[in-house]
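The values are calculated or read from the model by the stated rules, or taken from the named source; none is laboratory data. None of the values given here were measured: they were computed from a predicted structure. Every residue, glycine among them, receives a Cβ derived from its backbone with ideal geometry; neighbour counts consider all protein chains shown. Heads up: the accessible areas ignore ligands, DNA and RNA and are worked out on the full protein's heavy atoms, side chains in. Shrake-Rupley method; radii C 1.70, N 1.55, O 1.52, S 1.80 Å.
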Amino acid sequence: MSDRATFPEGLRVAVLSRSVFPLHGVGGLERHVYDLVAALARRDVRITLITREGRDPVSLGALDDPRVTIRTIPYRTFPGANRRGTTILDRSTAYPLFGYRAGRAAAALVDARQVDLVYGLGASTLGYAIARSRRRLETRPFVFNPQGLEEFGGMDGSYGGRRAKRIGYAPLRCAVRICSNAADRVIATDRAIEPAIARHLGVGPDRMRLVPNAIDLAGCEAQATSGDGEQIRARYGILPEETVLLSVGRIERNKGFHVLVDALAAMRDLPWRWVLVGDGPLRVELEERVRGAGLADRMLLLGRLDDRALHAWYEAATLFVHPTLYEGSSIVTLEAMAHRRAVVASRAGGLPDKVRDGHTGWLVPPGNAQALATTLRVALAEPGRLSEMGLAGRALVDAEFSWTTVTDRLLAVFSELLYETRSS
């Protein structure tokens, strides 16, 4: 299969996702789907985006394109679920129900011959998968992206040792397996996730294809320059000799920020400032942990920022630190690398595909504060090496994780299936 796809003009694709920016805030999934739709539209693919109801944004940005049609499906969850973040109960009840409704909407488009291919993320295609298995639909290829497999305990299937989590995710695991079994191709977003997809979903190499998540390099560069980084350091009173350790993410337990607090507590002798961009249900608890460790004067917890401010912090940072306990592909890590920043991250999820140990950064065991502190000391002792790793990281993103490259790979999968359909 060639990486440069060929397919009939006017390709019509239904993209199904639980969330998308800007309808549902800013997160890894939301940003990925937004950029995916924009990248496909730039290649003259006509998209019907099926997602849940959301807020009315001031601007839809790239989604406000004549080649993009948005169809929303009701999403009924429990009172207070949005305030507490995404709960296991919500993901195993409201999410599959949404997936059933969204998938049925896709099936209707297929029956009406309004789409040529269905592409879905997570359990959002459940209804289409069920319809496919119960009756003969019009022949339309189905590509399924299971994302990070958190419901299966991630890459190692451990669930962090929590039996209740394993039990609670059982309905969602069932839904994801139904989607996977019905798909013509299953996408692995990282090499590290391929064994987990094979083990949990029973997908062999004949149906599995590697298509990484990506970022918009030109967009990253347009957001901020090194001058913006210097200005934001000065605005917050960060001295030239102070190291800026930057972390970005939703403040919840699986991001491991509490582990980083414990690591930093063992590094008081070094001149660093920790900047955390993000918000979430455990913010107050994290702030209490920081105060308890005596680090409140060395941390900036900034909450959510707009893109320009976030990217200015990438430019201001000395080192990007991602102490996650569990991870999918980590868009924020790719963004930091796009800004030529070396990375210290957990050996979790798809991070080893990006943070090449000793080349673009360092990897540490997830949840190990002592190992994290030791590695941070090593990294900060070699400023020249940080620059070299930052350049290597940027080159890696350009070669493997830019939307130009990744769109080619995804369209090659579509082309392969469309050729098989025409030949059958």
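Of the conditions (1) more than 20 Å from residue 406 (Cβ to Cβ); (2) assigned to a helix (DSSP H, G or I), residue 344 fails just one. Which one is it?
Failing condition for residue 344: (2).
Do any helices (runs of 4 or more DSSP H) entirely within the range 356-424 hold 2 or more residues that are open to solvent by 10 Å² or more (accessible area, probe 1.4 Å) and among the basic types (Lys, Arg), and if so, which?
383-400, 403-423
Tell me which residues, restricted to the range 268-294, are farther than 25 Å from residue 312 by Cβ and over 26 Å from the mean Cα position of the chain (by Cα).
268, 269, 288, 289, 291, 292, 293, 294
Condition first: more than 30 Å from residue 419 (Cα to Cα) and modelled with pLDDT of 80 or more. Now tell me which residues in the range 130-162 satisfy that.
150, 151, 152, 153
Take the range 168-192 and flag every residue that is under 21 Å from residue 253 (Cβ atoms) and either at pLDDT below 90 or among the charged types (D, E, K, R) (or both).
Within the range 168-192, 173 is the sole residue that qualifies.
For the range 145-251, which helices (runs of 4 or more DSSP H) that fit wholly inside it have 3 or more residues that are open to solvent by less than 60 Å² (accessible area, probe 1.4 Å) and of a type in the set (S, T, N, Q)?
none
Given the condition open to solvent by less than 30 Å² (accessible area, probe 1.4 Å), in a loop (DSSP other than H, G, I, E, B), without any contact (Cβ under 8 Å) to a residue 40 or more places away in the chain and out of contact with any Lys or Arg (no Cβ under 6 Å at 6 or more places or on another chain), answer yes or no: does some residue in the range 324-336 qualify?
No, because not a single residue in the range 324-336 is open to solvent by less than 30 Å² (accessible area, probe 1.4 Å), in a loop (DSSP other than H, G, I, E, B), without any contact (Cβ under 8 Å) to a residue 40 or more places away in the chain and out of contact with any Lys or Arg (no Cβ under 6 Å at 6 or more places or on another chain).
Can you list the helices (runs of 4 or more DSSP H) lying wholly within the range 257-317 that have 1 or more residues being within 27 Å of residue 217 (Cβ to Cβ) and at pLDDT below 95?
Hits in the range 257-317: 307-316.
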